[in-house]
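Q: Just passing along the structure, written as structure tokens.
Derivation of every value follows stated rules applied to the coordinates shown; laboratory data play no part. The structure presented is a predicted model; accordingly, all values stated were derived computationally and were not measured. Note that we place each Cβ from the backbone using ideal geometry, even for glycine, and neighbour counts take in every protein chain shown.
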């Protein structure tokens, strides 16, 4: 008994290893020091991104009044909203089809195909979409925003799929079985039992897809046509010309939106426990 107690007390823990705290602090500094610097200099009164000249809201006001920023921000929100909506709908159907069925040969292949955008380098996806949409443009003449929405949707589906599938796998099947025993149709069971329980996962997947779409640069840069800049591609263009704290201000706003949505995603995921 004494030996068992001793072994349980001396169980291996990474937190007790020499240097763990130091390494953790260094990692956090490397991760967040550049972000803190960016946010700090977004309040710089001067035009330099490296020399502090006092506190000011100047660059936030400049970004707010910049018509190009307004157009790019509106376009980003429209694309992200539609992409998140379509991707979440498709991901929900895919999650239901892969979890509410008996295992069959090829199910692993289906998982791999759904999650392929996560495994393939984003630049490869961007080039493939560029070629695919170029063929459609030549044959239809359509040059609208639909290409960006479809491209973002294709890339966001696996990000929405993962939390929705995780939520479905953690749900109690006995509730759905009970509804079926009470002669509920499959649609009624889904609407009254499955969907309410699945809603936190759907919301989490939608917010994650929205953030991914809102922050995307590579796919947008390849697929967009002239005059279709989103906020990230507008910022990239500005960095190629002249760098001012206005870019820092826009980055800080995007960072705030992303942090808020990811935090909500985290708390929604905790609800399933």
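Q: Please list 59-67, 161-169 highest first by mean number of surrounding beta-carbon atoms within 10 Å per residue.
A: In descending order of packing, they fall as 161-169, 59-67.
Q: May I pose another question? Taking only C-alpha pairs under 8 Å that are 6+ residues apart, what is the relative contact order of the stretch 148-207 in percent?
A: Value for the stretch 148-207: 53 percent.
Q: I'd like the distance between the alpha-carbon centres of the stretch 7-72 and the stretch 199-270, rounded to an integer number of Å.
A: Centre-to-centre (Cα) distance: 17 Å.
Q: When 1/r is averaged over all different Cα pairs and the result inverted, which Kirkwood radius in Å belongs to the stretch 134-188?
A: 15.0
Q: Would you compute, from DSSP H runs of 4+ residues alone, the mean residue ellipticity of the chain at 222 nm, taking -39500 (n - 2.57) per run and dividing by the full residue count, rounded to the nearest 500?
A: -24500 deg cm²/dmol
Q: Just order 185-198, 135-148, 222-235 by mean Cβ neighbour count inside 10 Å, highest at the front, would you?
A: 222-235, 185-198, 135-148
Q: Just to compare against my own numbers: the Cα pair-distance distribution for the stretch 10-153, 10 Å bins, whole % per bin, please.
A: 8, 18, 22, 25, 20, 6, 1
Q: Quick check: from the Cα gyration tensor, does the chain come out rounded (a/c under 1.5), prolate or oblate?
A: Because a/c hits 1.5 or more and a/b fails to exceed b/c, the chain counts as oblate.
Q: May I pose another question? Ranked highest first by average number of other Cβ atoms within 10 Å, how do 204-215, 45-56 line up?
A: So the order, starting with the most tightly packed, is 204-215, 45-56.
Q: Using Cα pairs closer than 8 Å and at least 6 residues apart in sequence, work out the relative contact order for the stretch 41-112, in percent.
A: Relative contact order comes out at 15 percent.
Q: Put a dot 7 Å past each Cα toward the Cβ at residue 52 and residue 240; how far apart are the dots in nm?
A: Each label point lies 7 Å from its Cα, and together they span 3.4 nm.
Q: Assuming 1.306 mPa s and 10 °C, estimate D for the stretch 174-273 with Stokes-Einstein, Rh taken as the Kirkwood radius over Cα pairs, in µm²/s.
A: Diffusion coefficient, whole number: 95 µm²/s.
Q: Counting only C-alpha contacts under 8 Å and six or more residues apart, can you give the relative contact order of the stretch 66-271 as a whole percent?
A: Normalised by residue count, the contact order of the stretch 66-271 is 35 percent.
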